[in-house]
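Structure, as structure tokens:
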Amino acid sequence: MPLPLAIAAYFTLWWVVLFAVLPFGVRSHAEAGVDRPSGSDAGAPVAPRLALKALATTLISAALFAALYAYVAYES
């Protein structure tokens, strides 16, 4: 697999996995039982934990990319 194709595939996988991982563990203020600050959206998460989700996305994407790379490299 050429390097530009590998980078594009990983980049695409990373974003798809990010949007799949984002909803996990999200709780609104009403679900958490805390008061919502004025001016914030009712569906805004209390603690989105974006760094943890970015790390999980990176690890999942790396595993998926390794599987994709192995398939492309050894299928031929």
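Quick notes on this structure:
- Listed by first and then second residue, the pairs with beta-carbon distance under 6 Å, at least 6 apart or on different chains, first residue in segment 64-76 and touching a residue at least 12 places away in the same chain (Cβ under 8 Å), second outside any helix (DSSP H, G or I), are 72/1.
- Residues located in segment 41-57, provided they are out of contact with any helix residue (DSSP H, G or I) (no Cβ under 8 Å at 6 or more places or on another chain) and either among the hydrophobic types (A, V, I, L, M, F, W, C) or in a loop (DSSP other than H, G, I, E, B) (or both): 41, 43, 47, 48, 49, 50, 51, 52, 55
- Look at (1) loosely packed, with under 15 Cβ neighbours inside 10 Å; (2) assigned to a helix (DSSP H, G or I); (3) of a type in the set (Val, Ile, Thr) and you find that residue 34 fails only one, number (2).
- Residue count for segment 42-59, restricted to those that are open to solvent by 60 Å² or more (accessible area, probe 1.4 Å) and more than 14 Å from residue 27 (Cβ to Cβ): 5
- The set of residues from segment 1-30 being without any contact (Cβ under 8 Å) to a residue 12 or more places away in the chain and not in a loop (DSSP other than H, G, I, E, B) comprises 3, 4, 5, 7, 8, 11, 12, 15, 16, 19, 20.
- Selection status of residue 76, over 21 Å from residue 7 (Cα atoms), loosely packed, with under 14 Cβ neighbours inside 10 Å and at pLDDT below 85: no
The values are calculated or read from the model by the stated rules, or taken from the named source; none is laboratory data. Bear in mind the structure is a predicted one, so any value in this text is a computation, not a measurement. Glycine gets a Cβ as well: all are built from the backbone with ideal geometry, and neighbour counts include every protein chain shown. The area values use the complete protein model at the heavy-atom level, side chains included, leaving out ligands, DNA and RNA. Shrake-Rupley method; radii C 1.70, N 1.55, O 1.52, S 1.80 Å.
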